[in-house]
Amino acid sequence: MPPPKDVVKIAIQMVGAVPQLIDLQQTKPLASVLKDVCDKWNLPNAEHYALQYADGRQTYITESNRRDIKNGSILRLTISPDQEAEQLYIGIQSKNVDVKTDSLKKLASLSQDITFAQEFISRNGLKQIYSIVEEGNDTGEMLAHTLKAFTELMEHDFVSWENLSTVFIKKIVSYVNMNAVDASIQQLSLSILENMVPTSRLLFEVVKKEVTLDRLLTHLQATNAQLQLKAMALLIALLLSATDAERRDMMDYLREKNIRQFIHKNIIHSSEPLKDEMAHYLYVLQSVSLNLCEQRMKMSMDPYSQEQRDLLQSLRQSAFESESEVPAGTFSTERRRSLCAKEFRKLGFTNNSNPAEDLRRAPPGLLALDNMVYFSRNSPNAYSRFVLENSSREDKHECPFARSSIQLTLMLCEILHIGEPCSETAQAFYPMFFGQDHFFEELFCICIQLVNKTWKEMRATQEDFDKVMQVVREQITRTLNVKPTSLELFKTRVNTMNYSEILKLRQTERLHQEETLAVPVLELREKLKPELLELIRQQRLLHLCEGTLFRKISSRRRQDKLWYCRLSPNHKVLHYGDVEEGVQSPPIESLPEKIPVADMKMLLVGKECPHTKEKGSGKQNKDVLELAFSIVHDVEEYCLNFIAPTRYEFCLWTDGLNVLLGKEMTSERTQTDLDVLLSMELKLRLLDLENINIPDNPPPIPKPPSNLNFCYDFSQAEQ
């Protein structure tokens with residue numbers, strides 16, 4: 001019989017005593033439970049004891065968390081948190097170095113428990129820790145335990161970080177900035193500063209001023225992975241707490257110091273596997289860097305800004321340089337304006353008389369203009385080729401550069417989540433981001449050329465613009481999902497994923513979505529095949545019984561005579577004979593010639609047929625070869641030769657004759673018909689399973705019961 005809900009079976013240990021196995025009554029006060037346990041071991045003063053878990057974090061059991069105790073838990077009788085806190089409070093003030101070190105070590109361990117932490121802090125224990133750090137007399141192991149205890153105590157949020165003294169903060173900063181300090185102390189100091197930074201603007205400014213970016217970069221280049229991780233954590237905390245202007249300045253400085261290349265080489269491609277925490281920090285660093293584009297993305301073009309108008313004009317001049325070199329006095333103002341409008345139209349602006357209007361939409365705003373200018377200046381050959389190639393196409397088939405660039409910039413912002421806040425848990429960074437300066441602009445340069453390539457592959461017109469951009473989005477996202485390690489590798493892979501490849505992937509995914517590729521469905525498909533193949537065989541024989549009108553082709557390739565062939569209803573004889581023009585379906589009795597099916601030896605097709613090898617037949621006609629087949633009967637020298645009127649008839653007749661010969665149907669039509677029938681049959685059979693996931697493996701069959709006594713005996717009921 002199971003124990004009541006309020007009773008938990010547990011074991012309680014104590015050093016030097018035999019463990020107790022008890023039924024813990026959850027409704028019974030914890031003080032009474034402790035008294036019973038102490039009485040059993042003959043221990044006085046039960047109020048000086050407490051229970052804690054023997055394994056894991058060894059949390060103290062209190063009235064608030066006792067409901068978490070599970071059946072089979074192992075607890076330990078130990079000194080109560082208040083007694084322990086009092087002893088350690090005295091121990092850390094001891095003049096004896098060994099006692100003080102042991103007390104601090106134990107304090108660092110017990111401070112993880114919220115009950116103990118509350119008791120220790122209530123005795124003003126943090127003040128003693130501040131004193132140990134501020135006096136600076138203790139170093140090495142003792143200091144490491146002190147900082148560890150401080151970190152654990154502050155984690156419980158009983159005390160605000162803003163209460164820390166300037167002396168204490170500067171002491172922590174000094175441990176970060178000093179070279180001759182133990183790595184464990186530097187790690188703890190970096191962790192303390194990381195926790196301080198987000199709590200107030202004042203603490204952020206203190207840390208930012210005292211711990212320079214150069215110093216953080218030094219720690220980041222350390223061989224100690226844990227020190228590297230803590231340095232990265234503080235750097236991220238500073239970036240997230242900074243204002244937009246400060247963040248931009250910090251990122252510019254880090255770019256000058258080539259932090260990306262260092263991360264790409266020494267962290268991402270390190271011999272050690274990347275930990276989840278570091279992966280998250282790299283994601284945040286990538287996100288913060290990309291979000292620097294947000295300002296330009298949300299800024300519409302100002303048609304009165306001379307700087308922005310110059311950028312726009314530089315696009316036109318780079319593309320049509322020779323035409324733009326005509327002296328100003330050569331054309332009238334009206335003629336020059338008309339020429340500019342024509343060139344902007346060739347560039348793909350929809351509003352060619354005032355192209356600034358195309359860039360008024362934000363997002364992508366001025367970011368699209370920046371990308372276009374970057375492409376024209378850093379890849380001038382590719383830019384000119386794009387524009388001039390499309391200028392020479394028909395109007396409806398030209399790929400509009402400006403319109404594509406604006407839409408592509410918006411698409412990349414969405415894919416890379418530019419302008420969105422950082423996730424607190426995400427780890428999805430792109431390794432290639434850290435291998436390239438001007439990542440966003442370089443990615444745009446690759447993708448805008450991809451747009452032109454895909455446009456040509458799809459033979460698109462202006463009406464297909466949205467379809468092309470949808471395919472390009474798919475090409476980019478699918479390639480990013482495989483996490484290429486460099487932009488060169490991204491470029492290679494994204495260009496390999498052409499339009500036809502996208503169509504194949506869509507088809508495969510659609511089949512998976514319809515669950516036609518699930519293992520049980522594939523097994524069902526195989527079971528249905530024989531039945532459906534028999535159905536196709538019957539259809540082929542029925543078609544042969546209905547018969548077909550064929551034309552005789554003479555040696556001069558003149559199709560001047562008609563003949564008809566059909567199978568007898570009992571499938572034993574082929575009847576054939578010449579017919580007049582206009583006769584659709586002659587009766588079987590009017591066909592004088594016969595070939596018993598039993599006398600048929602084999603079927604020949606294409607080049608194997610004797611009537612395609614006749615001398616004097618001239619050059620072989622490919623169409624005739626594809627429609628030719630022959631029946632060999634009696635002796636191999638005698639054949640009945642056919643030229644099917646259509647490919648469809650060829651497939652049906654060759655299949656039907658193979659069935660009569662007891663062979664497999666081999667035409668392409670057989671596979672097509674089988675696929676259609678299988679698809680229809682599967683959909684009908686799976687109608688009741690709509691929106692139900694089909695497992696790959698069948699559920700396990702339960703073992704038979706040990707007895708069948710649960711069966712109801714109706715005979716006894718009737719009595």
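The values are calculated or read from the model by the stated rules, or taken from the named source; none is laboratory data. Only a predicted model underlies this, so the values are computations on that prediction, with no experimental measurement involved. Positions of Cβ are generated from backbone atoms using ideal geometry, with glycine treated the same way; all protein chains shown enter the neighbour counts. To get the accessible areas, we keep the full protein, side chains included, count just its heavy atoms, and leave off ligands, DNA and RNA. Shrake-Rupley method; radii C 1.70, N 1.55, O 1.52, S 1.80 Å.
Structure above, values below:
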| quantity | calculated |
| --- | --- |
| Between 0 and 90°, nearest 10: helix 97-110 axis offset from the chain longest Cα axis | 40 degrees |
| Dipole of the chain, positive end: most advanced residue of S200, V471, L190 [Cβ charges, Cα centre] | V471 |
| Exposed GluC sites (Glu not before Pro) absent - longest run of the chain, DSSP non-H/G/I/E/B, at most 15 other C-beta within 10 Å | 156-324 |
| Inter-site label distance for F158 and A598 at 7 Å from Cα along Cβ, in nm | 10.5 nm |
| Solvent-accessible heavy-atom area per residue, rounded to whole Å², over the stretch 7-79 at 1.4 Å | 58 Å² |
| Accessible area per residue in Å² at 1.4 Å probe, computed on the stretch 530-671 | 58 Å² |
| Descending semi-axes in whole angstrom, ellipsoid equivalent of the stretch 7-79, from the Cα gyration tensor | 17, 14, 12 |
| Potential extension, N570-A426 segment - 0.36 nm per residue separation minus Cα distance | 44.7 nm |
| Expected-Rg normalisation [2.2 N^0.38 Å, Cα atoms] applied to the stretch 83-291 | 1.08 |
| Net charge dipole size for the stretch 83-291 [Lys, Arg +1 and Asp, Glu -1 on Cβ; Debye, nearest 20] | 520 debye |
| Along each principal axis, Cα extent of the chain, largest first, Å | 125, 120, 46 |
| Computed magnitude of the charge dipole of the chain (debye, nearest 20; Cβ of K, R +1, Cβ of D, E -1) | 1640 debye |
| Compactness of the stretch 530-671, expressed as Rg and Dmax over alpha-carbon positions, Å | 14.7, 47 |
| If the convex hull is drawn through the Cα atoms of the stretch 337-455, its volume per residue in Å³ | 116 Å³ |
| For the chain: relative contact order, % (alpha-carbon pairs under 8 angstrom, 6 or more apart) | 6 percent |
| A31-T485 FRET efficiency (beta carbon distance; Förster radius 56 Å; 0.05 resolution) | 0.35 |
| Pairwise centroid distance, computed over Cα atoms, of the stretch 132-165 with the stretch 455-510, Å | 55 Å |
| Förster-model FRET efficiency, 60 Å R0, L640 and R506, C-beta, rounded to 0.05 | 0.80 |
| Full-extension gain in nm, Q538 to T666, via 0.36 nm per residue minus C-alpha separation | 44.6 nm |
| Gained length - A362 relative to E608, 0.36 nm times residue gap less alpha-carbon distance | 81.7 nm |
| Theoretical ellipticity at 222 nm over the chain - DSSP helices of four or more residues, -39500 (n - 2.57) apiece, nearest 500 | -16500 deg cm²/dmol |
| Residue list for the stretch 1-41, given a label point 7 angstrom along the Cα-to-Cβ vector of N71 and an amide N cut-off under 18 Å | 1-12, 21-27 |
| Subset of K298/K504; K148/K275; K28/K70; K106/K171 violating a 28 Å alpha-carbon distance limit | K298/K504 |
| For the stretch 7-79, size of Cβ-based charge dipole, Lys and Arg +1, Asp and Glu -1, in debye | 160 debye |
| Average accessible surface area per residue within the stretch 83-291, 1.4 Å rolling probe, Å² | 46 Å² |
| The stretch 423-547 - Debye-derived log10 I(q)/I(0), Cα point model, q = 0.09, 0.17, 0.18, 0.19 Å⁻¹ | -0.48, -0.95, -1.00, -1.05 |
| Percent accessible area from carbon and sulfur atoms, the chain, protein chains only, probe 1.4 Å | 50 percent |
| Amide N proximity, the stretch 211-231 versus E256 label position 7 Å along Cα-to-Cβ, cut-off under 12 Å | 213-214 |
| Positive dipole terminus of the stretch 62-133, leading residue within N65, A117, Y130 (C-beta point charges) | Y130 |
| Nearest-0.05 FRET efficiency for Q317 and E531, computed from C-beta distance (R0 56 Å) | 0.20 |
